[in-house]
1. Filter region 247-270 for residues that are near the ligand (Cβ under 8 Å from one of its atoms) and either part of a strand (DSSP E or B) or of a type in the set (Gly, Ala, Ser) (or both) and give the result.
2. If the requirement is being outside any strand (DSSP E or B) and either β-branched (Val, Ile, Thr) or more than 15 Å from the chain's Cα centre (by Cα) (or both), which of these qualifies: ASP273, ASP292?
3. List the strands (runs of 3 or more DSSP E) that sit entirely inside region 98-201 and contain at least 2 residues that are over 22 Å from THR66 (Cβ atoms) and not aromatic (Phe, Trp, Tyr).
4. So, LEU328, is that one within 16 Å of the ligand (Cβ to nearest atom), touching a Ser or Thr at 6+ places or on another chain (Cβ under 8 Å), over 20 Å from GLY102 (Cβ atoms) and at pLDDT 95 or above or not?
5. Among residues belonging to region 305-325 that are more than 8 Å from the ligand (Cβ to nearest atom) and buried (at least 22 other Cβ atoms within 10 Å of the Cβ), point out the one that is modelled with the lowest pLDDT.
6. Does region 131-147 hold any residues that are of a type outside the set (A, V, I, L, M, F, W, C), more than 11 Å from ALA169 (Cα to Cα) and either in contact (Cβ under 8 Å) with a residue 60 or more places away in the chain or surrounded by 24 or more Cβ atoms within 10 Å (Cβ to Cβ) (or both), and which are they?
7. Of all residues being hydrophobic (A, V, I, L, M, F, W, C) and closer than 26 Å to LYS236 by Cα in region 262-280, which is surrounded by the most Cβ atoms within 10 Å (Cβ to Cβ)? Just the residue, please.
Amino acid sequence: MTKNTDYMAWQVDEQNGEYEGCETLLSTKDLPEGEVLVWVSHSSLNYKDALSASGNKGVTRAFPHTPGIDAAGVVSESATGQPAVGSKVIVTGYDLGMNTPGGFGEYIRVPATWCVPMPEGWDSRTAMIYGTAGLTAGLCVQKLLTMGAKPEQGKVAVTGASGAVGSVAVEILANLGFDVVAISGKADHADALKALGAKEVLGREALSEDKKPMLKPVFANAVDTVGGIPLAELLKQVLPGGSVSICGLVAGVPLNTTVLPFILRGVNLLGVDSVEIPLADKKRVWEKLSGDWKCPNTEASAKDISRSELDSALKAFLKGESSGKIVLDHAKS
Ligand SMILES: NC(=O)c1ccc[n+]([C@@H]2O[C@H](COP(=O)([O-])OP(=O)(O)OC[C@H]3O[C@@H](n4cnc5c(N)ncnc54)[C@H](OP(=O)(O)O)[C@@H]3O)[C@@H](O)[C@H]2O)c1
């Protein structure tokens, strides 16, 4: 027997063509059907949330809408018994926060197949420090390792290094013993990137457009979170046999490259999706993030915000001004 509960959410609605988010009282009876009702204590901020909150129809078709592609909390109702009522879960990706009300509300209702059990010894806040961004960083690193990436092969570049995905990728790779070259547009962030473990920090001009079809190879491997021209330039600078995991598009969707990096140097371009992959693949990376790939610096530097701070934090994402990990704490006033 389900009971209806009122809860607070940061809901976005359209007013005269502008999209505005505000704190709204909602009821669990208005949530979509699903097997599992989760009482959400924490969410995590992602670029995709900023797109949803700004009315991007490629992310969210209908408003009013509660964004939040990440959520962590405690199961409050479970039609299948698995996950069990009272257990802690992480929900990221699939349709959460896109066209299904997401983690910026205190409750979500989702299919049981979207719920990852909380790794042993973790709590919701810690999981949301990583969030989809941390999961994606982990998947990018995992793809490089699967292709045989090793520290002794040489430098590994990370683009968008100060961002949510980039910063976690920097710390995981550094902790695994790689010489990380962080590529960042934020000159004032160099010390923070070095504190995460980066050996070198380069400005974005290291990957500005160059007409030459190939450049001197510098990086053994790379994680690219930005796409566009920087990715095309990065591919020209990868050593023979190297791999580049790619996940993002903030610098542009088109990728204007030639076949040369691939056929002259055997470079591998590895696509990373954190959203629709099987739950078991997500679970494997969550276990790593809570174990061998733990990022103590990222955890220590994460910033907690309240629902009332979401608007400005999301706008900073859209301007590329966001840095590090931001956690939404529903209990924070
Ligand atoms: N494939 C997936 O499953 C998946 C999952 C999560 C995220 N993503 C994507 O990954 C990307 C990064 O996400 P995020 O959450 O890390 O976002 P983020 O926190 O906003 O980080 C992106 C970083 O990219 C850099 N940047 C921003 N605008 C740029 C531009 N015009 N040119 C070059 N660099 C620019 C900035 O870092 P610097 O100032 O340090 O250069 C910025 O902090 C996004 O495109 C997101 O949609 C994909």
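1. Hits for region 247-270 are GLY248, ALA251, GLY252.
2. Just a single option satisfies the conditions, and that option is ASP292.
3. Output list reads 156-159, 180-183.
4. In short, no.
5. Only one residue tops the list, namely LYS325.
6. Scanning region 131-147 gives GLY131, THR132, LYS143.
7. Out of the qualifying residues, it is VAL267.
Rundown of residues vs (1) small (Gly, Ala, Ser); (2) at pLDDT below 95; (3) on the phi > 0 side of the Ramachandran plot; (4) within 15 Å of the ligand (Cβ to nearest atom), yes/no style:
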position: SER167; (1), (2), (3), (4): yes, yes, no, yes
position: ALA174; (1), (2), (3), (4): yes, no, no, no
position: ASP179; (1), (2), (3), (4): no, no, no, no
position: LEU193; (1), (2), (3), (4): no, no, no, yes
position: LEU202; (1), (2), (3), (4): no, no, no, yes
position: LYS211; (1), (2), (3), (4): no, yes, no, no
position: LYS216; (1), (2), (3), (4): no, no, no, no
position: ASN221; (1), (2), (3), (4): no, no, no, no
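The values are calculated or read from the model by the stated rules, or taken from the named source; none is laboratory data. No experiment lies behind these values; they were computed from the predicted model shown. Backbone-built Cβ (ideal geometry, glycine too); neighbour counts: all protein chains shown.
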